[in-house]
């Protein structure tokens, strides 16, 4: 396939990908790896959404299940309590906002889209964790972020091995893209899953070869924000990884990223603006 789709239709709201977009992370959790991304009270959630939107976020990504390596599993009921109320709050207060539900559970995705005001499904498991997810996406025809993860959050960093990390992930994408497109799903976004079942070396190899993912002919989302590949390499903490994140986000944009998923919206928007000035 050649030529990525220019637009994503998110509930009748068109995202023009001619200019890369920024997705702000709203974690309704107590244990996400970066403590600055955790929001739990209604007031904090609305303040964070307001700040991100005012700083230029194009999408707000709301999640209630921590996917950091070794994260504690929580029940579907607990995840529902965390995210559905939050999405209703945000969509009510900011009716023009485009909201993504970050979940691998089809029931939660369904409720978020049909009852709470979300527009996009962001599935870290790429349909692997819940066999009902693909049928749901096929039915709803909403934009779907197809992310690659090797294993599950609890074990994904236990010595992940690839023959060729980029080629293996592209093959994995190809099988799932074919199924979704054959069922009429039009708005698919791919995410290679930096840090999800990859070593630091795998992550940097993917970043070096990021343009190879253009062969899929689909918009590319990149989530590098404050991840271990940055702070471990620089021997700092996640709290100190903003500068490194900005550097790698700029490289990702230069190599074909269409959406940046970030904790720090203002800095990502600035990176997009600067890269646009040189035609990237």
Q.
Tell me the residue from 224, 242, 260 that is surrounded by fewer than 24 Cβ atoms within 10 Å (Cβ to Cβ) and on the phi < 0 side of the Ramachandran plot, please.
A. 242
Q: Answer yes if at least one residue in the range 118-136 is part of a helix (DSSP H, G or I), touching a helix residue (DSSP H, G or I) at 6+ places or on another chain (Cβ under 7 Å) and surrounded by fewer than 16 Cβ atoms within 10 Å (Cβ to Cβ), and no otherwise.
A: no
Q: For residue 174, state whether it is surrounded by 17 or more Cβ atoms within 10 Å (Cβ to Cβ), modelled with pLDDT of 95 or more, over 18 Å from the mean Cα position of the chain (by Cα) and part of a helix (DSSP H, G or I).
A: no
Q.
Restricting to the range 151-169, count the residues that are crowded, with 20+ Cβ neighbours inside 10 Å and at pLDDT 95 or above.
A. 2
Q | Residue that is farthest from residue 135 (Cα to Cα), among those in the range 196-221 that are modelled with pLDDT under 95 and crowded, with 24+ Cβ neighbours inside 10 Å | A | 198
**Q.** Residue under evaluation residue 111, criteria (1) surrounded by fewer than 17 Cβ atoms within 10 Å (Cβ to Cβ); (2) modelled with pLDDT of 95 or more, criterion not met
**A.** (1)
Q: Answer yes or no: is there a residue in the range 17-24 that is modelled with pLDDT under 95 and surrounded by 13 or more Cβ atoms within 10 Å (Cβ to Cβ).
A: no
Q: For residue 193, state whether it is modelled with pLDDT under 95 and part of a loop (DSSP other than H, G, I, E, B).
A: no
Q. Among the residues of the range 89-98, which ones are in a helix (DSSP H, G or I) and surrounded by 17 or more Cβ atoms within 10 Å (Cβ to Cβ)?
A. 89, 90, 91
(Q) Testing residue 67 on (1) part of a loop (DSSP other than H, G, I, E, B); (2) at pLDDT 95 or above, one condition comes back false. Which one is that? (A) (2)
Q. From the set of residues in the range 242-280 that are without any contact (Cβ under 8 Å) to a residue 24 or more places away in the chain and in contact with a helix residue (DSSP H, G or I) (Cβ under 7 Å, 6 or more places away or on another chain), which is nearest to residue 54 (Cα to Cα)?
A. 245
Q. For the range 241-265, how many residues are assigned to a helix (DSSP H, G or I), over 16 Å from residue 211 (Cβ atoms) and under 17 Å from the mean Cα position of the chain (by Cα)?
A. 3
Q | Enumeration of residues in the range 199-240 that are more than 19 Å from residue 260 (Cα to Cα), part of a loop (DSSP other than H, G, I, E, B) and touching a helix residue (DSSP H, G or I) at 6+ places or on another chain (Cβ under 8 Å) | A | 236, 237
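The values are calculated or read from the model by the stated rules, or taken from the named source; none is laboratory data. If you're wondering where the values come from, they're calculated on a predicted model, not measured in any experiment. FYI the Cβ positions are ideal-geometry reconstructions off the backbone, even for glycines, and counts take in every protein chain you see.
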